[in-house]
Amino acid sequence: MTTATTPAAAVMEQWWAQAQETRRRVWGNVPDEKWNDWRWQLSHRLNTVDELAEVIELTDEEREGLSAPEKFRVDITPYFATLMDPKDPRCPVRRQVIPLGRELRAFTSMMEDSLAEDAHSPVPGLVHRYPDRVLMLVTTQCASYCRYCTRSRIVGDPSANFSRQEHQMQLDYIRRTPQIRDVLLSGGDPLALTPKILDQLLAELRAIPHVEIVRIGSRVPVFLPQRIDDEFCATMRKYHPLWINIHVNHPKEITPELRTACARMADAGIPLGNQSVLLAGINDSVHIQRMLVHELVKMRVRPYYLYQCDLVEGAGHFRTTVSKGIEIIEGLRGHTSGYAVPTYVVDAPGGGGKIPVMPNYVLSMAPGKVVLRNYEGFITTYTEPLDYDPLEVKHLEKQIPRRPEPGQEGVSYLLEGRQLAIRPAGFDAVHARGGEMHRLRADASKWQPFLVGETVDAQAQGPNGPAIAAPADGDR
Ligand SMILES: *Cc1c(COP(=O)(O)O)cnc(C)c1O
Ligand code: SF4
């Protein structure tokens, strides 16, 4: 008999009943107090063909994947293993953690470190790509391992793990870099650290005055919700403002255990977000994503990012086109709560960070008019003011201290009029065409645009400002 009140709840109930059935069948003799103990779950993870064959009916390709000698690590908590459909190899939970033979296949543009994270790390495990925030990899260990992991180059490998000394190098870099206001702990999974080490790291970060917020990215609530106990929440409370992003890809991963874990974290005052990866054959569907985001907001988790799958070894068969991601956002924006719509991003191959991608809503523009379309295809006109003065606010702006972004001011700097152009590396040399310095080239002042590179104050005086523009420092 179902107690479900909605069609979605009925499906979730069925999934849960199947998980309970698997637990009875495989772990029937394990009492609740052991099952609910995260240490028991970690020490009873499944990784061999024989162990997994007791839980699910392995296909030939799964056996091939599990038997491959050079594969990315396999380890699955018993809790998460119960969420796999024993008979259906297309089960979205199963596909995320059981390797297939095809995962070893190479594909064009595949890389070991496709986001060039190690190249952007001033010290081991600290990726400083954006002006004001860093990604701090604190461990290579996870509660279970996702086949499409973007950091499979180090994740899972205990010999690649970060040492206490490397943690200190990371902390020292943050201490001596005052522009860092946001530290994002990741890995591996920071919640796979021993509670004591995690507590110490957070305490050391919090002692750095310029670190304003700390974030943790973790899949432990999904793989090992038992870890989110009162002790964990009490520790986190000491370090507010602290944000946590979890990682759910499919509504089948949302269980009563995960709901409890999220409720505990939210009640401890932790704002919760979710990051998913767009995965072929798993969640590359508007309807699956809609159900996912609805279930997430019901447990106070705000969808944050939907990632295009990276060009990383092992992930080839999980990749979708980018158009599929745009189609999903098209199916969410306007159709459901704004709170439930994640930002779809492509993390730039080669390093460069997350680039948001979305459908086009601006159809045309003319001075004074913008033509926009909504999710239904309704086309409207926004009339712009003809007397808007963007300089009026400059007076207030002066009260706000500017934050330094050395070398990363980017397109925003062009708009501010601080710089005329951003040139690709080698641009000037290519366009000199090997020629000599001659009489028409000698005077560089002829390429100095009037007032560009001047202070905003000078520009605010407009073209009738100072008669002669002082030389600007060009591209900084
Ligand atoms: C994702 C990421 C961040 C955080 O990016 P937000 O857009 O602020 O969430 C920071 N550093 C690196 C290297 C990242 O990959
Ligand atoms: S939890 Fe994160 S770091 Fe760990 S295997 Fe999965 S994607 Fe990789």
Unmet requirement for Val127, which otherwise passes all of (1) β-branched (Val, Ile, Thr); (2) more than 12 Å from ligand 2 (Cβ to nearest atom); (3) buried (at least 18 other Cβ atoms within 10 Å of the Cβ); (4) in contact (Cβ under 8 Å) with a residue 40 or more places away in the chain: (4)
Any hit, the stretch 115-124, residues being modelled with pLDDT of 95 or more and in contact with a Leu (Cβ under 7 Å, 6 or more places away or on another chain): no
Residues within the stretch 67-117 that are under 19 Å from Val312 (Cα atoms) and either crowded, with 19+ Cβ neighbours inside 10 Å or touching a residue at least 12 places away in the same chain (Cβ under 8 Å) (or both), tallied: 28
Residues (of a type in the set (Ser, Thr, Tyr) and free of Cβ contacts under 8 Å to residues at least 12 places away in the same chain) located in the stretch 366-392: Thr380, Tyr388
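Per-residue answers, yes or no, for (1) under 30 Å from Asp118 (Cα atoms); (2) small (Gly, Ala, Ser); (3) touching a residue at least 24 places away in the same chain (Cβ under 8 Å):
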position: Thr321; (1), (2), (3): yes, no, no
position: Lys324; (1), (2), (3): yes, no, yes
position: Thr336; (1), (2), (3): no, no, yes
position: Tyr344; (1), (2), (3): yes, no, yes
position: Pro349; (1), (2), (3): yes, no, yes
position: Val357; (1), (2), (3): yes, no, yes
position: Tyr361; (1), (2), (3): no, no, no
position: Ser364; (1), (2), (3): no, yes, no
Some residue of the stretch 261-271 being part of a strand (DSSP E or B), β-branched (Val, Ile, Thr) and either in contact with a Ser or Thr (Cβ under 8 Å, 6 or more places away or on another chain) or not assigned by TED's automatic domain parsing to the domain that holds Gln18 (or both): no
Qualifying residue in the stretch 336-348 (condition: over 27 Å from Lys298 (Cα atoms), within 16 Å of ligand 1 (Cβ to nearest atom), surrounded by fewer than 16 Cβ atoms within 10 Å (Cβ to Cβ) and not assigned by TED's automatic domain parsing to the domain that holds Arg95): yes
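Hey, could you check the stretch 130-153 for residues that are among the charged types (D, E, K, R) and either near ligand 2 (Cβ under 8 Å from one of its atoms) or more than 17 Å from the chain's Cα centre (by Cα) (or both) and say which is farthest from Pro78 (Cα to Cα)? Reasoning before the result, please.
Keep residues of the stretch 130-153 that are among the charged types (D, E, K, R), which gives 132-133, 147, 151, 153.
Filter once more, so that each one left must be either near ligand 2 (Cβ under 8 Å from one of its atoms) or more than 17 Å from the chain's Cα centre (by Cα) (or both): 151, 153.
On the way: Arg151: 24, Arg153: 25 Å.
Out of the qualifying residues, it is Arg153.
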Lone unmet requirement of (1) under 23 Å from the mean Cα position of the chain (by Cα); (2) polar (S, T, N, Q); (3) part of a helix (DSSP H, G or I) for Thr235: (1)
Subset of the stretch 236-260 [free of Cβ contacts under 8 Å to residues at least 40 places away in the same chain, away from ligand 2 (no atom under 16 Å from the Cβ) and of a type in the set (A, V, I, L, M)]: Met236
Breaking point among (1) within 16 Å of ligand 2 (Cβ to nearest atom); (2) of a type in the set (Gly, Ala, Ser); (3) farther than 21 Å from Val248 by Cβ, for Gly156: (3)
Odd one out for Cys233 among (1) under 26 Å from Tyr344 (Cβ atoms); (2) more than 16 Å from ligand 2 (Cβ to nearest atom); (3) of a type in the set (A, V, I, L, M, F, W, C): (1)
Matching residues, the stretch 366-401, being aliphatic (A, V, I, L, M) and more than 28 Å from Gly338 (Cα to Cα): Ala366, Leu386, Leu391, Val393, Leu396, Ile400
Single residue of Gly269, Gly217, Gly188 found to be surrounded by fewer than 22 Cβ atoms within 10 Å (Cβ to Cβ) and within 14 Å of ligand 2 (Cβ to nearest atom): Gly217
Number of positions in the stretch 229-250 that are farther than 14 Å from Asp199 by Cα and either surrounded by 24 or more Cβ atoms within 10 Å (Cβ to Cβ) or in contact with a Lys or Arg (Cβ under 7 Å, 6 or more places away or on another chain) (or both): 7
Listing of strands (runs of 3 or more DSSP E) fully contained in the stretch 305-377 that carry 2 or more residues being over 22 Å from Arg105 (Cβ atoms) and not hydrophobic (A, V, I, L, M, F, W, C): 343-347, 354-356, 369-373
Residue in the stretch 21-43 that is touching a helix residue (DSSP H, G or I) at 6+ places or on another chain (Cβ under 6 Å) and either in the same structural domain as Asn283 (by TED's automatic domain parsing) or free of Cβ contacts under 8 Å to residues at least 40 places away in the same chain (or both) present: yes
Pair list, Cβ < 8 Å and 6+ apart or interchain, from the stretch 176-192 residues that are under 12 Å from Leu205 (Cα atoms) and not assigned by TED's automatic domain parsing to the domain that holds Asn161 to residues that are within 10 Å of ligand 2 (Cβ to nearest atom) and not in a loop (DSSP other than H, G, I, E, B): none
Unique match (being surrounded by fewer than 22 Cβ atoms within 10 Å (Cβ to Cβ) and within 16 Å of ligand 2 (Cβ to nearest atom)) among Gln275, Gln200, Gln179: Gln275
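The values are calculated or read from the model by the stated rules, or taken from the named source; none is laboratory data. Just so you know, these numbers come straight off a predicted model, no measurement behind them. Cβ coordinates were reconstructed from backbone atoms using ideal geometry, including for glycine residues, and neighbour counts include every protein chain displayed.
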